[in-house]
């Protein structure tokens, strides 16, 4: 089962959008976010490539084939491709979830990966100070790049640009470089991916906090 963003023309978009129905913000380096859910031995072909693409294996195990070459990927691993490559074919070797992100980011980028976050009995924030309730061990931070949070399971409350939003499976959060963001509340354990685009400014990597000296 797959979910594909439809292209919208509106320019002023909320930082939280539904990737089933909405395209990523027009001013971001990401053009497509696609969640590919496959049963065991189910194939999936990709014909229309973006300039750059990354495939994050969130669940299971898959084989990705390009022409006569193929490679197997397990949960947590990442496959990268470009528009110069031929049609790619994904074959699930077990029930799998693959998160596909395509766009036009540069050569110096932040990180990306998959994650799971649950509520904690001893919540803490090692990031910049906040004044809101928390039940997670997540930190209030910012980046020297834009970042996407892509959720495919669970329910939570996030804070970005100083505003709190409720999110659920199918939602994506887009935070611009320099803006603080946080996941203080998890109502149902969330699964998803983070995806950071081109580094700008001081081009520092990772979570950044005002309370630390860089």
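Of note:
- Gyration tensor verdict on the chain (Cα atoms; rounded if a/c is under 1.5, prolate if a/b is larger than b/c, oblate otherwise): prolate
- Cα gyration tensor shape of region 28-103, rounded if a/c is under 1.5, else prolate or oblate by comparing a/b with b/c: oblate
- Peptides ranked, highest mean first, by Cβ atoms within 10 Å: ranges 130-141, 23-34: 23-34, 130-141
- Most to least packed among 44-53, 156-165, 117-126, 92-101 [average Cβ atoms within 10 Å]: 92-101, 156-165, 44-53, 117-126
- For the listed peptides 106-113, 183-190, 205-212, a ranking on the average number of other beta carbons within 10 Å per residue, highest first, reads 183-190, 106-113, 205-212.
- Euclidean distance of C-alpha centroids, region 147-207 and region 30-53, integer Å: 22 Å
- Using 0.36 nm per residue and subtracting the Cα-Cα separation, the extra length available between residue 93 and residue 122 on full extension is 6.6 nm.
- Relative contact order of region 90-193, pairs being alpha-carbon contacts under 8 Å that are 6 or more residues apart, as %: 31 percent
- Prolate/oblate/rounded call for region 97-214, Cα gyration tensor, a/c under 1.5 rounded: oblate
- Taking the chain and dividing mean pair separation by its residue count, relative contact order in percent (alpha carbons under 8 Å, at least six apart): 21 percent
- The mean sequence separation of alpha-carbon pairs under 8 Å and at least six residues apart, normalised by the residue count of region 28-103, gives a relative contact order of 51 percent.
Throughout, read-outs are computed from the coordinates displayed, never taken from laboratory work. Being a predicted model, the structure only gives us computed values, none of them experimental. Heads up, the Cβs are rebuilt from the backbone with ideal geometry, glycines too, and the neighbour counts pull from every protein chain shown.
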